[in-house]
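To start, the structure under review is shown below, and the notes come after it.
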């Protein structure tokens, strides 16, 4: 499996390849000079083949050992005693191999001496290159007094190194790094650009006092929400304003000065490590025609963004909201002419329009994200949930079956587990509809179930932030209520991964981590306001649960393919087999009855 959140940084990879190339050249130059000098002064019978064999053996040992010991983790930019040990160990192994090779080709004692002298020579040459490169780079660092905010950087890895270089060469001058903090004890004596690691997170307050710092940057793009929350609390307690780098899957290329932003609530709630099988997703999507319903929504638009990176043959975005389509095209392409064949304006309630759209583009893969989702409103208007979530899904499924769609992914919700609301019942029905379509056709049709998505329209964070701007109060249903949270990018990445590994008819349930107390979120937001903000408790509304669950009581989970994706079987449901099926005016009782029906007989699909 490829770890989606820790893909190697391309800048760091190029740097390490450059370091290896320099070391190879230095060894080659040192050996070449010594072979030439000793041959002409001792008459040793060195041949070109001898030199080539010895050099090749040394290089073949030096580079792998250097990579294994971590020598190329940044030696050109900073040094420490541990880096020196790695260097000496690498040179010793390479020298030993070179000595054996010299003896094997018959160069005798002179060959051994040559290799032994070449080792320090190659180190000296590499240091000359290092100092030259460092000196050239230092010319671009502004000199003189620094008026920027004095910044402590938490994280001395690749992200910390790149952001330090960016800060020191930036003309903006908003921040001036004065210290590094890292929890890795092996980096305790590390220096990057003359900025030294001065301790772990427990030392932040002390370091802030010693350096007169007034800001803290968490420079770890892969940091989890738990790490960010803990470090933020320590920083704020020390009187520091805390900043963060975006999550790694939000970054485009190398980390830079412009990526720095204040910590947001989404950082504290939903940045968790996610392992993504990129190869499986690429196999599913690359070179195929893909259609996304509800493409203008939070999940749908992120699906489109991520699908686009896997180079499908075509991407078709369907929505009934023309403004939403305008927005998603603008975000993906930087322009919104609304002329592309990839935009489809249609309502999933309109069976004929959906079938016509499918027949026009003949998709091979469908992600069905179109739905009504606001629980409280649907409690008042259950008929709308029936027409959009249930009948609309049936129209999309029928169109997919009629046009030979190979893969169908129905986006569900944790409200479908042990449902107690109109939203939950309607989405439970869609899971069972999808399972029936899979069973009747033999095609790869699945559902993916997950909880609250941070940053989506109408999410609790959006509501709290609006209430905060209005001066409060922040409204919470109950002091003990909890919810699952995940960022939209994480949810979509896992959704695509689930689509690639799930079996036909299954519901794939995403691991959402630990539930979060909503009142804790409200209190953190209230504490961040410069003016007093009160919190009011309104009581649970109709259909709401105190604690959401991802699995129904009668569901058994298995995780055969991915540690964060559970596979669950659901009973099939053919709507045509339901007696007394409502038309346009379904009630909450109708939805509850149909969602709880036993598995229906398997009927051939129309």
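Side notes on the structure shown:
- Answer label, with Cα extents along the principal axes in Å calculated from the coordinates and candidates (i) 94, 56, 55; (ii) 99, 86, 51; (iii) 104, 60, 48: (iii)
- Förster-model FRET efficiency, 30 Å R0, residue 356 and residue 503, C-beta, rounded to 0.05: 0.45
- Degrees separating the helix 518-528 axis from the principal Cα axis of the chain, which is the longest one: 60 degrees
- Counting 0.36 nm for each residue step from residue 480 to residue 537 and taking away their Cα separation leaves a gain of 19.5 nm.
- Extending 7 Å from the Cα toward the beta-carbon at both residue 584 and residue 206 defines two label points whose distance is 7.3 nm.
- Averaging the sequence gap over all C-alpha pairs within less than 8 Å and six or more residues apart, then dividing by the number of residues, gives the chain a relative contact order of 10 percent.
- Gain upon complete extension [residue 236, residue 330; 0.36 nm per residue less C-alpha separation]: 30.1 nm
- Anisotropy class assigned to region 379-526 is prolate, per the alpha carbon gyration tensor with a/c at or over the 1.5 cut-off and a/b larger than b/c.
- Cα-based helix-to-principal-axis angle, 158-169 vs the chain, degrees rounded to 10: 70 degrees
- Efficiency of FRET between residue 261 and residue 21 - r from beta-carbon atoms, R0 45 angstrom, step 0.05: 0.80
- Looking at region 149-263 alone, DSSP beta bridges between its own residues are antiparallel in about 20 percent of cases.
- The angle separating the long axis of helix 225-237 from the principal Cα axis of greatest extent in the chain is about 70 degrees.
- Computing FRET efficiency as 1/(1 + (r/R0)^6) for residue 462 and residue 103, where r is the C-beta to C-beta distance and R0 is 60 Å, gives about 0.25.
- Length-normalised contact order of region 352-480 in % [C-alpha pairs under 8 Å, at least 6 apart]: 23 percent
- Computed extension gain for residue 189 through residue 520, at 0.36 nm per residue and net of the alpha carbon distance, reaches 115.4 nm.
- Beta bridges by DSSP in the chain, antiparallel share as percent, to the nearest 5: 20 percent
- With contributions of -39500 (n - 2.57) from each DSSP H run of at least four residues, the per-residue ellipticity at 222 nm computed over the chain stands at -14500 deg cm²/dmol.
- Cα pair count fraction exceeding 25 Å, expressed as % - region 149-263: 10 percent
- Taking label points 7 Å from Cα along the Cα-to-Cβ direction, residue 88 and residue 569 give a separation of 6.4 nm.
- Projected label distance in nm at residue 527 and residue 470, using a 7 Å step from Cα toward the beta-carbon: 2.5 nm
Coordinate-derived values only; no laboratory data. It should be emphasised that the depicted structure is a prediction, and the values quoted were computed from it without experimental measurement. Neighbour counts are summed over all protein chains in view; Cβ atoms, including those assigned to glycine, are modelled from backbone coordinates with ideal geometry.
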